[in-house]
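The values are calculated or read from the model by the stated rules, or taken from the named source; none is laboratory data. Worth saying up front: this structure is predicted, and the values here are computed from it rather than measured. Note that we place each Cβ from the backbone using ideal geometry, even for glycine, and neighbour counts take in every protein chain shown. Calculation scope for accessible area: heavy atoms of the full protein, side chains included, ligands and nucleic acids excluded. Shrake-Rupley method; radii C 1.70, N 1.55, O 1.52, S 1.80 Å.
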Number of protein chains: 2
Amino acid sequence: MKIPTKLYLDETQIPRQWLNIRAFMKTRPAPLLNPGTLRPVTLEELNGIFCEELSKQELDGVTPYIDIPEPVLEYYKMFRPSPLVRAYSLEKALGTPAKIYYKFEGNNTSGSHKLNSAAPQAYYAKAQGMTKLSTETGAGQWGTALAMACAYFGIDLTVFMVKVSSEQKPYRKAIIETYGADLIPSPSDKTGVGRALLEEFPDTGGSLGCAISEAVEFAVSTEKCRYVLGSVLNQVLLHQSVVGLELKTAMDIIGEEPDVIIGCAGGGSNLGGLVCAYMSGRLRGRNNIRFIAVEPASCPSFTRGRFAYDFCDTGKITPLAKMYTLGHGFIPGANHAGGLRYHGMSPILSQLYSDGYLEARAVEQTKVFEAASLFARHETVLPAPESAHAVRVAIDEALACKESGESKTIVFGLTGTGYFDMRAYQSYNSGQMADFIPDDGELQRSLAGLPSVD
Amino acid sequence: MKIPTKLYLDETQIPRQWLNIRAFMKTRPAPLLNPGTLRPVTLEELNGIFCEELSKQELDGVTPYIDIPEPVLEYYKMFRPSPLVRAYSLEKALGTPAKIYYKFEGNNTSGSHKLNSAAPQAYYAKAQGMTKLSTETGAGQWGTALAMACAYFGIDLTVFMVKVSSEQKPYRKAIIETYGADLIPSPSDKTGVGRALLEEFPDTGGSLGCAISEAVEFAVSTEKCRYVLGSVLNQVLLHQSVVGLELKTAMDIIGEEPDVIIGCAGGGSNLGGLVCAYMSGRLRGRNNIRFIAVEPASCPSFTRGRFAYDFCDTGKITPLAKMYTLGHGFIPGANHAGGLRYHGMSPILSQLYSDGYLEARAVEQTKVFEAASLFARHETVLPAPESAHAVRVAIDEALACKESGESKTIVFGLTGTGYFDMRAYQSYNSGQMADFIPDDGELQRSLAGLPSVD
């Protein structure tokens, strides 16, 4: 068949079950630990922070497929399935024999894949009788997505937004408020964690780790309120599996199998979802696909971090997760990819990386925006800075094919659009963008703060 | 069949020919006149401003279908077909027995339907050996669309942007520049027209009419440069016919016929495209569909203007068009729907309105944003202020059905997204948005400046 530029599945082809990649792993990710007892957290402990259904999903490492509730499916239909696009124009511009595909998750108002997990999280909270949710947001995509889902399912929301991102993207506040949520720049004076951090580092631009601490503290001290998180957690990767399941369905329809799948990685929500279907095959020896995580050189959890137990937040109030981490005290330079400014990484992806199923590459933001601009001009879509990390490596892989003459099938995740990132593009267009790379001493100091766990 | 929430046609169902509605009209729109001789403009005269192929299309009132060039079709495939969406969630929220559908043109980086005409205009210019284009933009959607198309087809671009819009939307400049175009706020000191206007009204926020004058003056005084326009013209409505043709194909697939089709109208590009297929049927007596143009109360060309020959621009350097106009000197209040701030209206739509085929309604912007917020919360998509005019009237029609108990099929055009209009939403969210309605004296003074044509 002639492969179309854009392939949209039928809405009946939206998955009706999420794929739980943990059930396919020989070495399961290590359990979350209670930082006080250093014992695995129990369902009961988690239920104080998360909704019950989400706590169950968080701890369920064995059920391979989990039903998507009908109201969530109805919501998905307003923005899914997302298209699989053949980047014919980019291929031509590069002069590569490679075939480049991207799964585009940006065709919704949140501008990213985040809505896939926001919808079930808001739904489960409402179903359990909660009246309020709290969360953090980095680039603002998760905050927007959750505000959208909360407006639809009818539940209040308070969003702690990483301060540097809220300053870089003033209109994120407006859109989050248009959907009815409250937005608070983090660190803030609304929580003990925020106040303590502001006292120590009054000029800090904040970090995802700190915003998480504030949102958790807010949730546990507010009645009928639960905390929700847009990445890192097992439950989030579970919800994001719709991306990878649709990807495989579409690739099967056009009769292709990827040689390499590339995704950006901050906390891992996008990459975990994108690769899940093919990774479950790889884990069963059914393919030999390469999977590449792309992270910013300014926040290189995989490529320069340590695989160890660490707090998920700066304020040390969350459970401990075994993951690739730069240390919970690590505060990255002011990179424009706010969604990738996280010190840790999904425990699932961390285990897969440790076991050799996943590669990782760190890239500098000036090179990332160069790729984004080239992509936009040829493929029309303006990528989010986060997504542009995957664009960079997809282009590099395609250029390597040009060198070698190989016609590989390259697939990457275009997680979102850059419409709220114009200040970043302005900075790049004017030649004033800088790269931020932590030095070894800085990393060593940060890693020295890891908790001791036997 | 169960009607899906979103219906995407296959890319083979993208129209391969544009529909020329003029060929179906009993009374054709009156010809453009040369303002010096008051005779119909000739192909030769138009060729000094537009590319030859576009001049031909402008004057061709008889060919019912015109082939879409293959490279334009290839470009269309990167963002077309656009989805037809059933607004199940909005219907439920309104409690209406009406069925509401919208044709959504916002799933591309320009954020609107404008890319449908930008692509052929950039293509034809390049094919004729031009090296540069000039244009104007109001809300910035047309400027973005044309910048995208020019980047792809490889031709330079200078954009004159209505000053009030450029101030309301600073990031439009950034995105237009990311695609490689120059952006100049209008009125500017780059042209004679701009300098004259600035002298008379130093504080003016500008208007589409003035920006057009500047862009035309720039084009005719620059080598290998042509002027392109994103609305009003016959050629633009021709290109936008892909919207209406896809709409009819999709409605036929689900076995529905609209009772009413609603679109916002500034210069008419969206509405003309949206209605074309069903209007061509109506003109042949094959249906009895109602077509409603929605315009801002601040710029009410149809509902309070006069059907007369007028200049298309403020500076009186364009040909005269017979259209509903508020007078070429009319400068609307600072309404947030920059794309609807135009004194005139497509001659095609003007003739159809005059002949009773089209209704018109003027709405105030506070009511428009109220509708937009409701729509966003239930249907996920954040509408552009322009598109939200159609949302307002679609909701009003659905509520009328609730009163009467009728189960009508309402279709509207959701032309674009409001991601670059967050300042407008901020204004609405904070309760500070005002309505601007011109008084009769102001309109009379403006209409007194119409040129005399026998």
Of all residues in segment A:65-82, count the ones that are part of a loop (DSSP other than H, G, I, E, B) and either facing another protein chain (nearest Cβ under 8 Å) or hydrophobic (A, V, I, L, M, F, W, C) (or both).
4
Go through (1) assigned to a helix (DSSP H, G or I); (2) more than 13 Å from chain A (Cβ to nearest Cβ) and name the single condition B:Pro185 misses.
(1)
Residues of segment B:92-107 satisfying the condition of being within 13 Å of chain A (Cβ to nearest Cβ) and either β-branched (Val, Ile, Thr) or in contact with a strand residue (DSSP E or B) (Cβ under 9 Å, 6 or more places away or on another chain) (or both):
B:Tyr102, B:Phe104, B:Glu105, B:Gly106, B:Asn107
All positions within segment B:124-173 that are under 21 Å from the mean Cα position of the chain (by Cα) and on the phi > 0 side of the Ramachandran plot
B:Gly140
Residue list for segment A:372-420, filter: more than 12 Å from A:Gly106 (Cβ to Cβ) and outside any helix (DSSP H, G or I)
A:Gly405, A:Glu406, A:Ser407, A:Lys408, A:Thr409, A:Ile410, A:Val411, A:Phe412
Among (1) open to solvent by less than 50 Å² (accessible area, probe 1.4 Å); (2) closer than 21 Å to A:Val260 by Cβ - the single one A:Glu406 does not satisfy:
(1)
What number of residues within segment A:421-454 satisfy the criterion of being exposed (fewer than 12 other Cβ atoms within 10 Å of the Cβ), more than 22 Å from A:His343 (Cβ to Cβ) and among the hydroxyl-bearing types (Ser, Thr, Tyr)?
1
Would you check which residues across segment A:416-432 are farther than 17 Å from A:Arg172 by Cα and touching a residue at least 60 places away in the same chain (Cβ under 8 Å) and list them?
A:Ser427, A:Tyr428
Lone unmet requirement of (1) open to solvent by 10 Å² or more (accessible area, probe 1.4 Å); (2) in contact (Cβ under 8 Å) with a residue 40 or more places away in the chain for B:Asn107:
(2)
Test: residue in segment A:406-416 that is farther than 20 Å from A:Cys276 by Cβ and not acidic (Asp, Glu)
yes
Among the residues of segment B:1-13 satisfying the criterion of being more than 10 Å from chain A (Cβ to nearest Cβ) and more than 19 Å from A:Ile253 (Cα to Cα), which is most open to solvent (accessible area, probe 1.4 Å)?
B:Met1
How many residues does segment B:351-372 contain that are of a type in the set (S, T, N, Q) and surrounded by fewer than 18 Cβ atoms within 10 Å (Cβ to Cβ)?
2
Condition set in a helix (DSSP H, G or I) and under 30 Å from B:Lys6 (Cα atoms), scope segment A:49-64, selection most open to solvent (accessible area, probe 1.4 Å): answer is A:Glu53
Is there a residue being in contact with a Phe, Trp or Tyr (Cβ under 9 Å, 6 or more places away or on another chain), within 14 Å of chain A (Cβ to nearest Cβ) and not aliphatic (A, V, I, L, M) anywhere in segment B:386-408?
yes
How many residues does segment A:83-121 hold that are in a helix (DSSP H, G or I) and in contact with a Gly (Cβ under 9 Å, 6 or more places away or on another chain)?
4
Working only within segment A:298-331, note down all residues that are touching a His at 6+ places or on another chain (Cβ under 8 Å) and closer than 15 Å to A:His389 by Cβ.
A:Cys299, A:Ser301
